[in-house]
Amino acid sequence: MPGGRALRPPGRLLAMQNIFDESALTELASSQGIPERVAPALARVRRMAPEWLLDQVQEAGLEGKGGARFPSYRKMRLHRLQEAPVKHLIVNGAEHEPGSSKDSWLLTHHPRVVVDGALCVAHEVGATDVHFAVNEINQDALQAIRTAVNDVRRTVVNLPNIHVNVVPDVYVVGEETALIKALEGMPPMPAGRPPFPIQSGLHGRSTLVHNAETMAHVPYIALAGSDMYRSMGPTGLGPTLCTFGEEFVRSGVRLVPQGISIQVLIDDFGGGLGSGRKIVAVQPGGPSSAFLSSADFHCTFDAPSLKAVGSSLGCAAVRAYADVEAVINDLKEIADFFAASSCGQCPPCGMQTRMLATIVGQLSAGKARRKAIDQIPLIVQANQGKGLCGLIQMPVSPIESLIRLFPDEVAERVM
Ligand code: SF4
C-alpha cells in the first residue's frame, strides 16, 4: 500500500497517505493534547459535545463502504434517536464478495483502528453492545481483532460490551438481516423488511450495521477533521479502499482518492496489466457491477459518476481485461457464483440466477442461441422485485453491460 506515516495532504495522487496508520493517528492525537495511545479517536470524541462526531461524519461525506454507498451518517442519526436500554452496533467484516479483500486486510493489519472507529460510533449513538463479525475462514483477522479488543479492554474505561463473532463463509451473510440471524445462532437467511434492523434487529433490539472499512475511516475523520478528509480526493469525496485483481501490476489492496478517472485508477494506481496488454474493459465495483469499455475510462471513480454511466462503485474490487474473451470467461464465473449463492427462500431468485448462469455458460462455450440472449430482459422483467434481498439482481448488470458494450463479440458466439 502506498503512503507513509505523515498525515499531510498528498503532494501527488500516488503519495496517498495511509489514514489507517495507528502510529500516525496517535501522533496526531498527541499534537492535539490527547495522550491516550489506545483508541485515541475515542478519547477525542469523549471530550467533544454530543453529536460532534456525527456532524464531522456528515460533513466528510463518509459513505457506507460495504457496497450500497449510502451516506453513513443517516443510519447513525436514526440509531441515536432510538431510546432503548440495549442497542447493538454490528461491524460487518464478513466480506464474502469475490475479489474483495479490503475488510480482511483492515481487520488483519489495522484492527485497532477498526475498533477505535466502532467505539467512537458506539459512543455517539449510545450503543450498549458492539459486535465484530469476522468470516470463519479468516483466522488471521480473527486473532488480530481479538488482540485489539483485549488491548482496549485493558486500557480504556467505560466501554460498551464488546463481542467478537465468527460467522460462516456463506455469501448471503453479508446481507445485514442474514448477518443478524447468524449472530443469533440461526441459519443466515435474509429477512423481509419492515421491520428494519434499526427498529428491531439483533434479539429484537435496535441494531446499527456498518461495514468494517466504514468504521476504519472514522478515527481519521475524528482526529484530522472532515475538511482534511474531503481534501484527499480531487472532487471532495475523500478516499476509498480498492482491491485490484491479480492481473494488475500492483495487485492487492490500496487506498485511492475518489474522483480520479478510471484511466488514472488502472494506470497509476493499478500499474496496468501485468501482461503489458492494453485494457479494453474494466469492472470497477465487484462482481455485481456493470462492465465499462474504454469509451468510459474518462469517467471518475466515485459512486455518483459510476451510477451515471450505468455501473456502481460497490465494494471497489477492480478487475481489468485485455479482450472480450476474458470478460466473458469472468462473467461465467460471476453468474455461476450467484446461482450457487442463492439461499433458496425465494423461488424466483433460484430460477433467475440459474437461467442467467445457463445462458452465460452457453455464450462462453460459443453455443448460445440468439433467442436465449433476447430472453434475458424478459426474464429480468418477470422477476423484478421478487427477492427478499438484492442477490436476485446481482448478475444482471454485468450481463446486460456485456451485451450492450460488445454486441459484435457476443454475436460471434451466438449460434
Ligand atoms: S433473493 Fe435469493 S438470496 Fe435473497 S433471500 Fe431470496 S432466495 Fe435468498
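Points to keep in mind about this one:
- A Cβ-based charge dipole, computed about the Cα centre of the stretch 325-385 with Lys and Arg at +1 and Asp and Glu at -1, lands at about 300 debye.
- Most mobile listed residue (ALA382, ALA144, ALA41) in the chain, GNM with C-alpha springs under 10 Å: ALA382
- ARG354/ASP267 FRET efficiency (R0 45 Å; Cβ-Cβ; nearest 0.05): 0.75
- Converting phi to 3J(HN,Hα) with the Karplus coefficients 6.51, -1.76 and 1.60 and the offset θ = phi - 60°, the stretch 167-172 yields 10, x, 7, 10, 3, 5 Hz in sequence order, with x at every glycine or proline.
- Taking 0.36 nm per residue of separation and subtracting the current Cα-Cα distance, fully stretching the chain between LYS307 and LYS386 would add 26.2 nm.
- Most mobile listed residue (PRO160, PRO257, PRO190) in the chain, GNM with C-alpha springs under 10 Å: PRO160
- At most 15 other Cβ within 10 Å, DSSP loop - trypsin sites (Lys or Arg not before Pro), the stretch 354-388: LYS367, ARG369, LYS386
- Entries of LYS65/LYS367; LYS181/LYS371; LYS332/LYS371; LYS278/LYS386 with Cα pairs more than 30 Å apart: LYS65/LYS367; LYS181/LYS371; LYS278/LYS386
- Applying 0.36 nm per residue to the separation of ALA322 and ALA340 and subtracting their alpha-carbon distance, the gain on full extension is 3.7 nm.
- Distance between the modelled labels on SER275 and SER251, one decimal in nanometres: 1.3 nm (7 Å Cα→Cβ projection).
- Angstrom value of the Kirkwood radius, inverse mean 1/r, which spans all Cα pairs in the chain: 22.0 Å
- Calculated FRET efficiency for the pair GLU83/GLN32, C-beta based, R₀ 30 Å, to 0.05: 0.40
- Taking SER31, SER397, SER206 in turn, the Gaussian network model of the chain (Cα-Cα springs below 10 Å) assigns the largest fluctuation to SER31.
- Rounded to the nearest 20, the size of the Cβ-charge dipole of the chain about its Cα centre is 480 debye, with Lys and Arg at +1 and Asp and Glu at -1.
- Computed over the stretch 239-322: relative contact order in percent, which uses C-alpha pairs under 8 Å that are six or more apart: 34 percent
- A 1.4 Å probe over all protein chains sorts MET76, MET228 by accessible area into MET228, MET76, starting with the largest.
- Distance (nanometres) between label positions extended 7 Å along Cα→Cβ at ASP140 and ARG46: 3.2 nm
- GLU400 paired with GLN199, simple spin-label distance in nm, labels 7 Å along Cα-to-beta-carbon: 2.9 nm
- Relative contact order %, the chain, counting alpha carbon pairs below 8 Å whose residues are six or more apart: 16 percent
- The stretch 18-230: antiparallel DSSP beta bridges as a percent of all, rounded to 5: 5 percent
- GluC sites (Glu not before Pro), loop per DSSP, at most 10 other Cβ atoms within 10 Å - longest free stretch of the chain: 247-415
- Here LYS371 and ASP408 are evaluated by their C-beta separation; at R0 = 25 Å the FRET efficiency comes out at 0.85.
- Restricting the stretch 259-332 to trypsin sites (Lys or Arg not before Pro) that sit in a DSSP loop and have at most 15 other Cβ atoms within 10 Å of their own Cβ leaves ARG277, LYS278.
The values are calculated or read from the model by the stated rules, or taken from the named source; none is laboratory data. As the structure is a prediction and not an experimental result, all values here were calculated from the model. Virtual Cβ from ideal backbone geometry, glycine too; neighbours counted across all protein chains shown. Only protein heavy atoms, including side chains, enter the accessible area calculation; ligands, DNA and RNA are left aside. Shrake-Rupley method; radii C 1.70, N 1.55, O 1.52, S 1.80 Å.
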